[in-house]
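S.K.: Quick one: the structure is below, and I'll ask about it shortly.
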Amino acid sequence: MAKVTVEGKFPKRIGNYVLYPLGADVVMRENSGFTSEALKTSPKYDLSRRNASEFGRLSSTCKELRLALKHYLPKKNNLLVVNALNKKMRQLLVFDITSVRGERTLANAMATAEGRSQLKGYHFNPVVNGVLTTTFNADKLQVSTSEISFPDRATSVGFTVVSLVFDFDTKASSLSECKKHFFNATTLPDLIELEVPKMEHTNGVLFTILVVEFYIQEDGGYVPLVDDGSKVVMIVD
């Protein structure tokens, strides 16, 4: 690549070189020969095509996972939720050791204990920092509330435990939730215990997900904050 001095109009190509403006300068570089058609058919870009196909399959699977949890995910940070989940799941593809790069799948990655363990403590809302301390006790989930920070105007908090079975191969899902438990900010205990919904044995990965949402208590009822950016949706197991 080189800067060239040109007076007036200049041609876009000179021999095997292309010219184009870059800021106040005119730059000349060798023609790479890259075209959209070459990307589709040339053996040179075979790995690029397979990587793009791999990411396309991953993005489609992540979309179905988000749809399964659409009633729980925050709406304000939707693009962040999408990008963070895609990035996290892409990192898990290394656990598919049976496929070559470009043909790896989340189904193979999540079939391994190592792959599944990487999602423990994952926040679907990337704006939320830190991991809440949780402990399983039989069919109960104990949650320490010391790490919970109330956003402005919130006076109450609601806790829900969701059991989700998601099949990374077929993208089928089934879900069950426990009864929501509400607590006032001034009387929130240090430790709460929530029931974990039972799920029948089906194909797929079983996720236990803790949802923490903040409310304003009005006229004996609970009104969720319009800004739901503080919502916690965390995989606890």
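The values are calculated or read from the model by the stated rules, or taken from the named source; none is laboratory data. Remember, predicted model here, so these are calculated numbers, not experimental data. As a convention, Cβ positions derive from the backbone with ideal geometry for all residues, glycine included, and neighbour counts pool all protein chains shown. Keep in mind that these areas ignore ligands, DNA and RNA; they rest on the heavy atoms of the full protein, side chains included. Shrake-Rupley method; radii C 1.70, N 1.55, O 1.52, S 1.80 Å.
S.K.: All but one of (1) outside any helix (DSSP H, G or I); (2) at negative phi; (3) out of contact with any strand residue (DSSP E or B) (no Cβ under 9 Å at 6 or more places or on another chain); (4) touching a residue at least 12 places away in the same chain (Cβ under 8 Å) hold for A107; state the number of the condition that does not hold.
M.R.: Here A107 clears every test but (1).
S.K.: Output the number of the condition that V18 fails; it satisfies all remaining conditions of (1) assigned to a strand (DSSP E or B); (2) modelled with pLDDT under 75.
M.R.: Answer for V18: the failing condition is (2).
S.K.: Still on this model: Somewhere in region 149-159, is a residue closer than 30 Å to L93 by Cα and aromatic (F, W, Y)?
M.R.: Among the residues of region 149-159, not one is closer than 30 Å to L93 by Cα and aromatic (F, W, Y), which makes the answer no.
S.K.: Further, regarding this structure: List, please: which pairs have Cβ atoms under 8 Å, are six or more places apart or on different chains, and start with a residue in region 187-204 that is over 9 Å from V165 (Cβ atoms) and end with one that is among the polar types (S, T, N, Q) and part of a loop (DSSP other than H, G, I, E, B)?
M.R.: Hits for this filter: L188/T145; P189/T145; D190/T145; D190/S146; L191/T145; I192/T145.
S.K.: Now a separate question. Looking at region 182-194, can you tell me whether even one residue there is under 19 Å from the mean Cα position of the chain (by Cα), open to solvent by less than 50 Å² (accessible area, probe 1.4 Å) and closer than 22 Å to T134 by Cβ?
M.R.: No: zero hits.
S.K.: If I go through region 21-79 residue by residue, how many of them are at pLDDT below 60 and charged (D, E, K, R)?
M.R.: The number of residues fulfilling the criteria is 4.
S.K.: Could you pull out every one of the strands (runs of 3 or more DSSP E) wholly within region 114-174 that has 3 or more residues that are loosely packed, with under 15 Cβ neighbours inside 10 Å, among the charged types (D, E, K, R) and in contact (Cβ under 8 Å) with a residue 60 or more places away in the chain?
M.R.: none
S.K.: Are any residues in region 89-104 among the small types (G, A, S) and either outside any loop (DSSP other than H, G, I, E, B) or at positive phi (or both), and if so, which ones?
M.R.: Scanning region 89-104 gives a single hit, G102.
S.K.: Could you count how many residues in region 195-237 are in a strand (DSSP E or B), among the polar types (S, T, N, Q) and under 24 Å from the mean Cα position of the chain (by Cα)?
M.R.: 1
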